[in-house]
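Data block below; observations after.
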Amino acid sequence: MWAGGDLLLDIFIACLFMVPTVFLIWVTARFEAFYTPYSKFLLGLSLSAPVCLSVLFLGEKHVGQSLITLCLYRLTWSPLILVGMGISRLVARFDRAKRFASYALLIEVLTLGIAVALFIHEAGPKDISGRYPAA
């Protein structure tokens, strides 16, 4: 019961942080010297999502528990990061910044789609023993 309340509090706090973040992105989009490196940072941040998904896919036999937890948090907050990247792409004025932000957005969307597809595949039809039924 407490976990649901904690999750709602975390989402509320993250949304509160999104308001000044959007304003800051909107203000800094006017300066190419700052916004292009920011777009490169977004690209690097989006590249961490496929790495985290592959770490989760490897499992506990090959990776430590703390790294798995870190990657799980990264993928859990992926939708909010996606919103920030989408806003960054919308307010970008310069061609290089638009291109980097578009690549970052594409990588993040594809990784989130693959994660959802893997989750649906894993939750597919199984019998009581956890094996897939014979066709």
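The values are calculated or read from the model by the stated rules, or taken from the named source; none is laboratory data. Bear in mind that the values here come from a model prediction, so they are computed numbers and not experimental data. Counting neighbours? That spans all protein chains shown, and the Cβs are built from the backbone with ideal geometry, glycine included.
Among the residues of the stretch 37-71, those identified as closer than 15 Å to Leu106 by Cα and touching a residue at least 60 places away in the same chain (Cβ under 8 Å) are Ser39, Lys40, Leu42, Leu43, Ser46, Leu47, Ala49, Pro50.
Conditions (1) at pLDDT below 95; (2) part of a helix (DSSP H, G or I); (3) touching a strand residue (DSSP E or B) at 6+ places or on another chain (Cβ under 8 Å), marked per residue:
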position: Ser102; (1), (2), (3): no, yes, no
position: Ile107; (1), (2), (3): no, yes, no
position: Leu118; (1), (2), (3): yes, yes, no
position: Ala135; (1), (2), (3): yes, no, no
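Screening Ile25 against (1) closer than 25 Å to Phe119 by Cα; (2) more than 10 Å from the chain's Cα centre (by Cα); (3) part of a helix (DSSP H, G or I) leaves a single unmet condition, (1). Inspection of the stretch 78-89 finds no residue satisfying the criterion of being of a type in the set (S, T, N, Q), under 28 Å from Glu122 (Cβ atoms) and either surrounded by fewer than 13 Cβ atoms within 10 Å (Cβ to Cβ) or more than 14 Å from the chain's Cα centre (by Cα) (or both). Of all the numbered requirements in (1) farther than 20 Å from Ile11 by Cβ; (2) in a helix (DSSP H, G or I); (3) among the charged types (D, E, K, R), Lys61 misses one, and that requirement is (2). For Ile114, indicate whether it is part of a helix (DSSP H, G or I) and surrounded by 16 or more Cβ atoms within 10 Å (Cβ to Cβ). For Ile114, the condition - part of a helix (DSSP H, G or I) and surrounded by 16 or more Cβ atoms within 10 Å (Cβ to Cβ) - is not met. Exactly one residue out of Ser88, Ser48 is hydroxyl-bearing (Ser, Thr, Tyr), under 30 Å from Phe23 (Cα atoms) and in contact with a Ser or Thr (Cβ under 9 Å, 6 or more places away or on another chain): that is Ser88.
Only one of the numbered conditions (1) under 19 Å from the mean Cα position of the chain (by Cα); (2) of a type in the set (A, V, I, L, M, F, W, C); (3) loosely packed, with under 14 Cβ neighbours inside 10 Å is violated by Ala33, and that is (1).
Among the residues of the stretch 72-98, those that are of a type outside the set (A, V, I, L, M, F, W, C) and either free of Cβ contacts under 8 Å to residues at least 24 places away in the same chain or part of a helix (DSSP H, G or I) (or both) comprise Tyr73, Arg74, Thr76, Ser78, Pro79, Gly84, Gly86, Ser88, Arg89, Asp95, Arg96, Lys98. The single residue among Ser66, Ser78 that is hydroxyl-bearing (Ser, Thr, Tyr) and more than 20 Å from Val19 (Cα to Cα) turns out to be Ser66.
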